[in-house]
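The values are calculated or read from the model by the stated rules, or taken from the named source; none is laboratory data. Remember, it's a predicted structure, so these values are computed and weren't measured experimentally. Here the Cβ positions follow ideal geometry from the backbone for every residue, glycine too, while neighbour counts run over all protein chains shown. For the accessible areas, the whole protein counts, side chains as well, though only heavy atoms, and no ligand, DNA or RNA atoms are used. Shrake-Rupley method; radii C 1.70, N 1.55, O 1.52, S 1.80 Å.
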Amino acid sequence: MSQKSQPRRSALMAELTVESRRYMVAYALFNQAVADHLRLHPTDLQCLNLLGLETAPVTTGRIAELTGLTTGSATRLVDRLERGGYVTRERDTVDRRRVLVATVPERMAEIGAVWEWLNGAWAAMFEAYDDNEVALLITHMRRTVELSALQVEALREAGDATAAGDATAAGPSGTGPGRS
């Protein structure tokens with residue numbers, strides 16, 4: 001990178017840090033508003049969102065993988081969703097020892113109707129981008145998903161180490177996504 005572009009790059013990275021923090025907060029607040037509208041916990045809503053992307057019923061262990069939750073937390077999440085009528089548990093017909101979690105189509109249709117109602121505004125926003133910009137957004141989103149999974153794992157490992165008494169394992173304080 002040339003010396004001339006370094007100040008511009010520094011300014012852009014500083015702006016990116018600020019805007020990424022705003023973006024994450026806006027997404028968290030949006031997710032909370034959608035969850036509130038549906039009378040769901042935000043984590044439960046996102047789990048249902050992920051389950052809707054799966055091609056078949058999954059185990060609670062798979063739900064833990066998808067959400068980044070511990071298996072105990074995933075079990076409690078499935079318990080809540082089952083009580084709410086969003087999922088059912090059923091024995092795997094191939095391996096009777098396994099229990100699979102399946103979404104309830106009617107309840108998923110209720111959530112889908114809310115997403116459909118909201119999607120018009122999102123589609124209109126994306127129309128402002130050309131194909132190359134949309135491709136860049138897709139690449140960014142995929143990389144974000146991958147990096148987020150790694151960061152969740154790192155945070156969990158740091159938390160486990162801290163709980164075990166290794167305070168240095170948690171990393172430097174005050175750093176993290178969108179922080180510098």
Q: Quick one: which residues, 5+ away or cross-chain, put their amide H under 5 Å from the amide H of L100? H built at 1.01 Å from N.
A: E90, R91, D92
Q) When only C-alpha pairs under 8 Å and at least 6 residues apart count, what is the relative contact order of the chain, in percent? A) 18 percent
Q: Please tell me the relative contact order of the stretch 33-122 in percent, rounded to the nearest whole number, where contacts are Cα pairs under 8 Å and at least six residues apart.
A: 24 percent
**Q.** E106 versus L147: modelled label distance in nm, points set 7 Å from Cα along the beta carbon direction
**A.** 4.4 nm
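Tell me the net charge near E153. Cut-off is 13 Å between Cβ atoms, E153 excluded, with +1 for each Lys or Arg and -1 for each Asp or Glu.
So the surrounding residues net to -3.
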Q: Take every Cα pair under 8 Å in the stretch 79-145 that's 6+ residues apart, average their separations, divide by the length, and report that relative contact order as a whole percent.
A: 18 percent
**Q.** Span from the the stretch 54-110 Cα centroid across to the the stretch 138-155 one, whole angstrom
**A.** 23 Å
Q.
Which of A113, A28, A135 ends up with the largest GNM mean-square fluctuation for the chain, with Cα atoms connected below 10 Å?
A. A135
Q | Listed residues Y23, L48, A113: farthest to the positive end of the dipole of the stretch 1-124 (Cβ charges) | A | Y23
Q) Gaussian network model of the chain, Cα springs within a sub-10 Å range: biggest mean-square fluctuation belongs to which of G61, G52, G159? A) G159
(Q) Assuming 0.36 nm per residue, please report the length gained on full extension of the stretch A121 to R39 beyond their Cα-Cα distance. (A) 27.3 nm
Q | Accessible area of E106 in the full protein assembly, 1.4 Å probe (Å², nearest 10) | A | 120 Å²
Q | Gain in span if fully extended, T55 to V18, counting 0.36 nm per residue against the direct Cα distance | A | 9.6 nm
(Q) Tell me whether the stretch 67-116 comes out rounded, prolate or oblate; compute the Cα gyration tensor, take square roots of the eigenvalues as a ≥ b ≥ c, and use a/c under 1.5 as the rounded threshold. (A) oblate
Q. Measuring from label point to label point, each 7 Å out along Cα→Cβ, what is the A28 to R8 span in nm?
A. 3.4 nm
Q) When the helices in the chain are scored as -39500 (n - 2.57) per DSSP H run of 4 or longer and the sum is shared across all residues, what 222 nm value do you end up with, to the nearest 500 deg cm²/dmol? A) -23500 deg cm²/dmol
(Q) If the only charges are +1 at each Lys and Arg Cβ and -1 at each Asp and Glu Cβ, what is the size of the charge dipole of the chain around the Cα centre, to the nearest 20 debye? (A) 400 debye
Q: Using the Karplus curve 6.51 cos²θ - 1.76 cosθ + 1.60 with θ = phi - 60°, work out ³J(HN,Hα) for each residue of the stretch 124-133 in order, rounded to whole Hz, and write x for Gly and Pro.
A: 5, 4, 6, 4, 6, 9, 7, 4, 5, 5
